[in-house]
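Worksheet for the structure shown next.
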Amino acid sequence: MANLNKIFLIGNLTRDPQLSYTPNQTAVVDFGLAVNRRWTGRDGSNREETCFVDCRAFGRQAENINKYLSKGRQLFVEGRLTFNSWTAQDGTKRSKHRITVENFQFLGAPPGTEKAEPSYEKQDIEGQQKDGDSTGADDIPF
């Protein structure tokens, strides 16, 4: 019987990443993602729900996430669902699911930077430049 454990999420960081190291000096970063879902209800009203997901990355990926991301930044995460269980200090059994990040991609522009747009001069249908170009079709030597 085949098994598959693969998660794809796009969301915004709910807090700044928290970097730590294992005893053998492997970098570990923990962060939260908020993933929004929007839809229109049967009554025509716009609805929205948010799912908060804990994520963990290791090694070089952990260092890059910690270095370049902060609360509010958008991130694409690919990973697997991991189940953790433990006994709390008061003796109760606790558990939760977490995404173990296998791959990620930064999305959106960093805060404080404006998205640079390519500066192409506008051209009309025949390929001649508009506004600011004094060269007409009659001035082309061929």
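Nothing in this text is a laboratory measurement; each read-out follows from the coordinates by a stated rule. Here the structure is a predicted model, which is why all the values come from computation and not from measurement. Methodologically, a virtual Cβ is constructed for each residue, glycine included, from the backbone with ideal geometry; neighbour enumeration extends over all protein chains shown.
Inspection of region 56-72 identifies no residue that is in contact (Cβ under 8 Å) with a residue 40 or more places away in the chain, farther than 19 Å from A27 by Cβ, part of a strand (DSSP E or B) and not small (G, A, S). Out of region 31-67, which residues are within 17 Å of F8 (Cα to Cα), surrounded by 10 or more Cβ atoms within 10 Å (Cβ to Cβ) and among the charged types (D, E, K, R)? D54, R56 - these are the residues of region 31-67 that are within 17 Å of F8 (Cα to Cα), surrounded by 10 or more Cβ atoms within 10 Å (Cβ to Cβ) and among the charged types (D, E, K, R).
Whenever a residue of region 8-27 is free of Cβ contacts under 8 Å to residues at least 12 places away in the same chain, its partners that are in a strand (DSSP E or B), lying with C-beta atoms within less than 7 angstrom and at least six residues away or across chains, give the pairs S20/V28; Y21/A27; Y21/V28; T22/V28.
Based on what the data block shows, is K96 free of Cβ contacts under 8 Å to residues at least 12 places away in the same chain and of a type outside the set (D, E)? No. Looking only at residues of region 1-26 that are in a strand (DSSP E or B) and in contact with a Phe, Trp or Tyr (Cβ under 6 Å, 6 or more places away or on another chain), we find that the one that is surrounded by the fewest Cβ atoms within 10 Å (Cβ to Cβ) is I10.
If only residues of region 41-90 that are farther than 15 Å from F106 by Cα and among the β-branched types (V, I, T) are counted, the one that is nearest to the chain's Cα centre (by Cα) is V53. Scanning region 87-103 for residues that are out of contact with any Asp or Glu (no Cβ under 7 Å at 6 or more places or on another chain) and closer than 15 Å to G59 by Cα yields T100, V101.
The set of residues in region 73-99 being part of a loop (DSSP other than H, G, I, E, B), of a type outside the set (G, A, S) and surrounded by fewer than 14 Cβ atoms within 10 Å (Cβ to Cβ) consists of Q89, D90, T92.
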